[in-house]
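The block underneath contains the structure these notes are about, expressed in structure tokens.
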Amino acid sequence: MARRKRGEKVDGWLILDKPLGLTSTQAVGAVRRIFDAQKAGHGGTLDPLATGILPIALGEATKTVPYVMDGAKSYRFTLKFGEQRTTDDAEGEVCASSEIRPEDAAIRAALPAFTGLIQQVPPAFSAIKVDGERAYDLARDGEQVELAPRQVRIDAIELTDRPSRDEAVFEVRCGKGTYMRSLARDIAQHLGSVGHVSALRRLSVGGFTEARAISLENLKSLGHSPAAFEHLLPVETALDDIPALALTNTEASRLRSGQTVGLLQRQDRDRIREFAPGCMVCAMSAGKLVALTRFDAGELVPVRVMNL
């Protein structure tokens with residue numbers, strides 16, 4: 001006899017405004033307990049010292065996590081000049097210092113060098129694996145961690161505030177895998193100083209923004225109630241950038257059983273005229289997501305079948 005999964009079948013996305021001091025894993029666990037969900041995950045790690053948008057997937061939404069993690073992100077961070085830290089944020093120990101405090105004009109003049117496709121060395125205290133172990137575990141054990149530079153994409157970076165000579169506030173739009181701690185470190189060094197991130201907030205992940213977010217404190221106050229469930233977004237919310245196609249009941253049944261759906265009949269031409277070979281398609285039926293599919297040689301090939 002199959003073992004019954006613990007918790008309830010809960011499917012959807014919750015946009016959490018993660019508080020300071022909580023790991024992403026702890027945040028997911030807290031949300032999962034509130035909803036008593038069988039399964040949960042998140043759409044992109046936030047450091048404990050960071051706040052802001054942490055999309056949390058429940059149930060079948062976990063199948064769409066990769067599409068959220070691939071989405072563009074935006075951040076606001078404060079760069080504190082004068083101290084380099086081992087972690088590139090306020091948590092680490094001071095490992096270098098400088099008396100240089102760049103002027104606003106110099107900072108703005110440096111920013112084009114950090115826009116577009118750039119090479120970036122991730123922080124030693126990061127989740128990247130080195131010989132099967134997390135870099136932060138090796139760094140905490142006192143080992144010298146040398147990570148290779150990687151290409152990242154920064155769509156825009158702007159100096160938005162200068163609270164003091166020691167601090168500069170930036171807003172950034174970027175692609176996946178970009179580390180704000182590395183960006184702050186590199187900007188400071190480019191300007192002849194040193195620095196670290198003293199505050200960090202994620203403003204958006206893909207289409208998930210602050211406008212639809214709820215704090216963990218407010219969510220806990222709602223508890224396991226209908227009011228809490230009103231904050232859940234449909235599974236397909238994560239797939240807004242992927243074209244959708246309405247299916248017949250017969251076509252939906254084929255996909256649910258793992259079979260392909262042929263779209264080569266004359267009546268199908270208008271349905272698929274905008275689909276490029278190899279593109280992803282959200283297969284819908286009766287307003288529900290049936291499967292994530294790939295359009296290939298005139299057929300919808302199931303990639304992830306949903307149980308909704």
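List every residue pair whose Cβ atoms sit under 6 Å apart, with the two residues 6 or more apart in sequence or on different chains, where the first one lies in the range 167-187 and is on the phi > 0 side of the Ramachandran plot and the second, anywhere, is surrounded by fewer than 22 Cβ atoms within 10 Å (Cβ to Cβ) and among the hydrophobic types (A, V, I, L, M, F, W, C).
Correct list of pairs: Gly177/Val152.
Return a yes/no flag: does the range 48-62 have any residue that is assigned to a helix (DSSP H, G or I), under 16 Å from the mean Cα position of the chain (by Cα) and either of a type in the set (A, V, I, L, M) or over 15 Å from Lys176 (Cβ atoms) (or both).
Step one: of the range 48-62, the residues assigned to a helix (DSSP H, G or I) are 59-62.
With under 16 Å from the mean Cα position of the chain (by Cα) added as a condition, the list becomes 61-62.
Restricting the remaining residues to those that are either of a type in the set (A, V, I, L, M) or over 15 Å from Lys176 (Cβ atoms) (or both) gives 61-62.
Yes: one or more hits.
All but one of (1) in contact (Cβ under 8 Å) with a residue 24 or more places away in the chain; (2) acidic (Asp, Glu); (3) more than 21 Å from Ser74 (Cβ to Cβ); (4) surrounded by fewer than 15 Cβ atoms within 10 Å (Cβ to Cβ) hold for Glu230, so report the exception by its number.
Of everything listed in (1) in contact (Cβ under 8 Å) with a residue 24 or more places away in the chain; (2) acidic (Asp, Glu); (3) more than 21 Å from Ser74 (Cβ to Cβ); (4) surrounded by fewer than 15 Cβ atoms within 10 Å (Cβ to Cβ), Glu230 misses just condition (1).
Considering (1) farther than 30 Å from Leu232 by Cα; (2) modelled with pLDDT under 95; (3) surrounded by fewer than 20 Cβ atoms within 10 Å (Cβ to Cβ); (4) not β-branched (Val, Ile, Thr), say which one Asp89 fails and leave the rest.
The failed condition is (3).
Here's a check for you: in the range 16-47, which residue that is under 13 Å from the mean Cα position of the chain (by Cα), assigned to a strand (DSSP E or B) and without any contact (Cβ under 8 Å) to a residue 40 or more places away in the chain is surrounded by the most Cβ atoms within 10 Å (Cβ to Cβ)?
Out of the qualifying residues, it is His42.
The values are calculated or read from the model by the stated rules, or taken from the named source; none is laboratory data. Worth saying up front: this structure is predicted, and the values here are computed from it rather than measured. Positions of Cβ are backbone-derived with ideal geometry, glycine not excepted, and every protein chain shown enters the neighbour counts.
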